[in-house]
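Inspection log for the structure reproduced underneath, given as structure tokens.
The values are calculated or read from the model by the stated rules, or taken from the named source; none is laboratory data. Just so you know, these numbers come straight off a predicted model, no measurement behind them. Virtual Cβ from ideal backbone geometry, glycine too; neighbours counted across all protein chains shown.
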Amino acid sequence: MKSSIALAVLLVPLVAAQVPHWGPCPEPTVQPGFNLRQFMGRWFEIARLPAQFEKGRCIETNFTMKSDSSIRVVSSEIYKGEIKKIEGTGVTEDMKNPAKLGISYSYVLPYTPYWILSTDYVNTALIYSCTDVLRLFHVDFAWIMSRTRSLPEATVQKARETFENNNIDTTRMIMSKQQGCDKEL
């Protein structure tokens, strides 16, 4: 037990930019009847929980189906005046629950959860990811995505309420910067 606590204490600074919480991950409800093909395409990040790997602005992700039924995931941002892109692979981890995807941006790392909590496919999508660390604490990420670079404040507030109704803390959620993006992309 002492070694588990020591390991947890050592790991906490590594996830400080994220949103660590004590205890295991919550089990939010995901989109019923999720249709992966309708979800494909370009999504812009409207708001997010802090993520160490997202430092820029104009963050967007494009999802395309591959011939093997996996998903090509290309995320991009403008950081320090340069366009940065990263490509990953997504999979449906449970065919009975297709809204629970897994995404990996590296061949050596396992797929991390990428759950679609809610989407109307044409305007918004609410995404959640959570990883348990020794079941002592968890690190989670949440995104409000849109097919456009902005959403009405009422839509963002409703999205935050959906997260909160699923025991996902949004008090540290930040709005993404999506201004002046098309000029540079």
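Please enumerate the residues belonging to region 126-148 that are over 10 Å from the mean Cα position of the chain (by Cα) and at pLDDT 95 or above. Matches in region 126-148: 146, 147, 148.
One line per residue, one yes/no per condition, for (1) surrounded by fewer than 19 Cβ atoms within 10 Å (Cβ to Cβ); (2) more than 23 Å from residue 63 (Cα to Cα):
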{"residue": "112", "(1), (2)": "yes, no"}
{"residue": "118", "(1), (2)": "no, no"}
{"residue": "121", "(1), (2)": "yes, no"}
{"residue": "126", "(1), (2)": "no, no"}
{"residue": "131", "(1), (2)": "yes, no"}
{"residue": "146", "(1), (2)": "no, no"}
{"residue": "166", "(1), (2)": "yes, yes"}
{"residue": "169", "(1), (2)": "yes, yes"}
{"residue": "172", "(1), (2)": "yes, yes"}
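Test residue 156 against the stated conditions and say whether it is more than 21 Å from residue 52 (Cα to Cα), β-branched (Val, Ile, Thr), modelled with pLDDT of 95 or more and surrounded by fewer than 17 Cβ atoms within 10 Å (Cβ to Cβ).
When the stated conditions are applied, residue 156 does not pass them.
Of all the numbered requirements in (1) in contact (Cβ under 8 Å) with a residue 24 or more places away in the chain; (2) crowded, with 20+ Cβ neighbours inside 10 Å, residue 178 misses one, and that requirement is (2). Residue check: residue 173 meets all listed conditions (1) more than 18 Å from residue 21 (Cβ to Cβ); (2) touching a helix residue (DSSP H, G or I) at 6+ places or on another chain (Cβ under 8 Å) but one, namely (1). Scanning region 98-123 for residues that are farther than 23 Å from residue 22 by Cβ, without any contact (Cβ under 8 Å) to a residue 60 or more places away in the chain and β-branched (Val, Ile, Thr) yields 103, 108, 122.
Evaluation of residue 59 against the conditions (1) in a strand (DSSP E or B); (2) more than 13 Å from the chain's Cα centre (by Cα); (3) among the β-branched types (Val, Ile, Thr) shows that the sole unmet condition is (2).
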